[in-house]
Amino acid sequence: MKTAVVLLSGGLDSATVLALAREQGYACHCLSMDYGQRHRAELAAATRLAQALGAAHHRVVKIDLAGFGGSALTDASIAVPTSGIAPGIPVTYVPARNTILLSFALANAEVVGANDIFFGANAVDYSGYPDCRPDYIRAYETMANLATKTAVEGQRLTIHTPIIALSKADIIRKGIALGVDYRLTVSCYQATDDGLACGQCDACRLRRAGFEQAAVVDPTRYKNIQ
């Protein structure tokens, strides 16, 4: 089997990407990052998903982006917005997070002999983060092929973003067709320790709307919406 590194957050999008990578015949080395996020229930969800979706390996790596703060996801003094999705880059943007996560995935890929990295970036139904755009992914892939021993020795590295142009509803439909159990996922920015979603943050709103538009029953356990 081909080998791939899959960034697995524990949320809906990354679960679908893992299922897509498995469908394409990859042995998936899943990488989850404990970066100091407030929504830590997603890490337990990532472990459940790696097992349920047949990952070859799952690693959780701890780093400290909370030490820098600057985001509602890493700094408890900044409130997570709950009044609806607003224009512009929201305070839930974590400075340089995706660049850092991809760099860890790139290092892991070199070690395990993977030429492919799968990443659940989405530029349609998302919160407006600049590091989810196709131009950014292309630029990162170019850098990866200049900066690594693997690429210099002739093995091109590819960053796969199979859901980047899909609506949340289409992502959900694809995942269901591949057998993803979305009850195992946690997407909420301020989920409780046992995975109850707030029902009010941007991630919850996008997730709930996706299930509605896909005409699929939402299996999410919400704290504020029954």
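The values are calculated or read from the model by the stated rules, or taken from the named source; none is laboratory data. Because the structure is a prediction, the values reported are computed rather than measured. Reconstructed Cβ throughout: ideal geometry from the backbone, glycine too, with neighbour counts over all protein chains shown.
Filtering the stretch 1-30 to residues that are farther than 26 Å from Val91 by Cβ and in contact with a Phe, Trp or Tyr (Cβ under 8 Å, 6 or more places away or on another chain) leaves Met1, Lys2, Thr3, Ala4, Val5, Val6, Leu18, Leu20, Ala21, Tyr26, Cys28. Scanning the stretch 71-128 for residues that are touching a Ser or Thr at 6+ places or on another chain (Cβ under 9 Å) and among the charged types (D, E, K, R), we see that the one that is nearest to Leu206 (Cα to Cα) is Asp125. Scanning the stretch 21-37 for residues that are farther than 17 Å from Thr161 by Cα and either buried (at least 24 other Cβ atoms within 10 Å of the Cβ) or touching a residue at least 60 places away in the same chain (Cβ under 8 Å) (or both) yields a total of 2.
Of the residues Ile164, Ile171, the single one that is within 26 Å of Tyr136 (Cβ to Cβ) and either touching a Gly at 6+ places or on another chain (Cβ under 8 Å) or modelled with pLDDT under 95 (or both) is Ile171. Does Gly113 satisfy being of a type outside the set (A, V, I, L, M), at pLDDT 95 or above and on the phi > 0 side of the Ramachandran plot? Yes. In the condition set (1) more than 23 Å from Gln24 (Cβ to Cβ); (2) in a helix (DSSP H, G or I), Thr220 is compliant with all but (2).
Scanning the stretch 70-114 for residues that are outside any helix (DSSP H, G or I), free of Cβ contacts under 8 Å to residues at least 60 places away in the same chain and either surrounded by 16 or more Cβ atoms within 10 Å (Cβ to Cβ) or not small (Gly, Ala, Ser) (or both) returns Ser71, Thr74, Asp75, Ile78, Pro87, Ile89, Val91, Tyr93, Val94, Pro95.
From the list Asp135, Asp125, Asp131, the lone residue that is within 20 Å of Thr16 (Cα to Cα), charged (D, E, K, R) and part of a helix (DSSP H, G or I) is Asp131. Residues that are under 17 Å from the mean Cα position of the chain (by Cα), surrounded by 15 or more Cβ atoms within 10 Å (Cβ to Cβ) and touching a residue at least 40 places away in the same chain (Cβ under 8 Å) within the stretch 125-157 comprise Asp125, Tyr126, Ser127, Gly128, Tyr129, Tyr140, listed in sequence order.
Specify the residue that is nearest to Gln51 (Cα to Cα); the eligible residues are those in the stretch 182-202 that are in a helix (DSSP H, G or I) and modelled with pLDDT of 95 or more. Within the stretch 182-202, the match that is nearest to Gln51 (Cα to Cα) is Leu184. Is at least one residue of the stretch 204-215 out of contact with any Cys (no Cβ under 9 Å at 6 or more places or on another chain), surrounded by 17 or more Cβ atoms within 10 Å (Cβ to Cβ), among the polar types (S, T, N, Q) and at pLDDT 95 or above? No, the stretch 204-215 contains no residue that is out of contact with any Cys (no Cβ under 9 Å at 6 or more places or on another chain), surrounded by 17 or more Cβ atoms within 10 Å (Cβ to Cβ), among the polar types (S, T, N, Q) and at pLDDT 95 or above.
Here the condition is being outside any strand (DSSP E or B), at positive phi and in contact with a Leu (Cβ under 9 Å, 6 or more places away or on another chain); of Gly179, Gly154, it holds for Gly179 alone.
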